[in-house]
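For reference, the structure discussed in these notes is given below.
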Amino acid sequence: MTDLAALLKDEVRGPHPYRRPSDAATLILVDRSGSTPKVLLGRRHQRHAFMPGKFVFPGGRVEASDRYAKVAAPLDLHAQSKLMARVQRANPVKARALALAAIRETYEETGLLLGTHENLAGRAGKLLASSAWKAFGEAGVMPDLATISFVARAITPPGRTRRFDTRFFTADASAIAHRVEGMVGEESELVEIVWIPIDESQHLDLPGITRRVLQELQNRIAAGFSQDLPVPFFYTRGDKMVRDTL
């Protein structure tokens, strides 16, 4: 489990300028129940060699099991289309796996399971009860991709020892169906999690791309938070970071 949002800009340069970026996903949970939207951020352990003490979104690489986990509802077609844009060998299975990776990583780093309570008897239950998705099967929770929005994409610049092609997703806090205690603490990847207004989050110790995506998210919420809004795409051209749209 790795904070991919952090890696996009703040990774130390290494001797691998042509390293191919790995597919990854991260999730921004938003609580809009009050007058001011709040986002979930976690603080990394100070003993981590990479990004110690930084506040980050949960996220990580796509795993093989993310391609096969059963879902209660599919991705919105606008989100699926944008996930497939400007991607080699794009297909709906890969788009789906990216969204599921964001949900799985959120559980592994925070203990929060997103989805709906379902009767998981039969094949769906067996698939969710295996590998990284076991906790969902045990809790009777099936991931619901209809609650997920695709809000940004960013590729780590060349020259880093680790590179990621990260898709940023968001979901409302009402999508949390279950919580497993003990996933956050002194011996965990995240030592604490906080719900904080977006404006106030800018005062935290954030990686550069995390800060930028939060600004984009704030604009998206103000614009109505629709699935058909353009998705910002950050990548490097020459020595400059480019903001494009999907």
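The values are calculated or read from the model by the stated rules, or taken from the named source; none is laboratory data. Just so it is clear, the structure is predicted and the values come from calculations on it, not from any experiment. Note: ideal-geometry Cβ built from the backbone for every residue, glycine included; neighbour counts use all protein chains shown.
Looking at Gln227, is it assigned to a loop (DSSP other than H, G, I, E, B), at pLDDT 85 or above and within 17 Å of the chain's Cα centre (by Cα)?
yes
Which one is surrounded by the most Cβ atoms within 10 Å (Cβ to Cβ) among residues in region 179-201 that are in a strand (DSSP E or B) and among the charged types (D, E, K, R)? Looking at the filtered set, the residue picked out is Glu192. In region 158-177, the residue that is surrounded by the most Cβ atoms within 10 Å (Cβ to Cβ) out of those that are out of contact with any His (no Cβ under 7 Å at 6 or more places or on another chain) and β-branched (Val, Ile, Thr) is Thr166.
Being more than 21 Å from Asp76 (Cα to Cα) and exposed (fewer than 12 other Cβ atoms within 10 Å of the Cβ) holds for only one residue in Asp239, Asp244, and it is Asp239. Where helices (runs of 4 or more DSSP H) fall entirely within region 63-178, those with at least 1 residues that are modelled with pLDDT under 90 are at 123-128, 134-139.
The rows are residues; the columns are (1) under 12 Å from Ile103 (Cα atoms); (2) touching a strand residue (DSSP E or B) at 6+ places or on another chain (Cβ under 7 Å).
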{"site": "Phe136", "(1), (2)": "yes, yes"}
{"site": "Pro143", "(1), (2)": "yes, yes"}
{"site": "Ala152", "(1), (2)": "no, yes"}
{"site": "Thr161", "(1), (2)": "no, no"}
{"site": "Asp165", "(1), (2)": "no, yes"}
{"site": "Phe168", "(1), (2)": "yes, yes"}
{"site": "Glu181", "(1), (2)": "no, no"}
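Inspection of region 16-37 identifies at least one residue that is under 20 Å from Ile198 (Cβ atoms), surrounded by 21 or more Cβ atoms within 10 Å (Cβ to Cβ), modelled with pLDDT of 75 or more and among the hydroxyl-bearing types (Ser, Thr, Tyr).
Is region 107-116 home to any residue that is of a type in the set (Ser, Thr, Tyr), in contact with a Leu (Cβ under 8 Å, 6 or more places away or on another chain) and crowded, with 22+ Cβ neighbours inside 10 Å? Yes. Here is the figure for region 213-224: residues that are of a type in the set (D, E, K, R) and at pLDDT 95 or above total 1.
Scanning region 83-101 for residues that are in contact with a helix residue (DSSP H, G or I) (Cβ under 9 Å, 6 or more places away or on another chain) and either of a type in the set (D, E, K, R) or under 18 Å from Pro21 (Cα atoms) (or both) returns Leu83, Met84, Val87, Ala90, Lys94, Ala95, Arg96, Ala97, Leu98, Ala99, Ala101. With the structure loaded, tell me whether Leu206 is at pLDDT below 95 and closer than 26 Å to Gly53 by Cβ or whether it fails that test. In short, yes.
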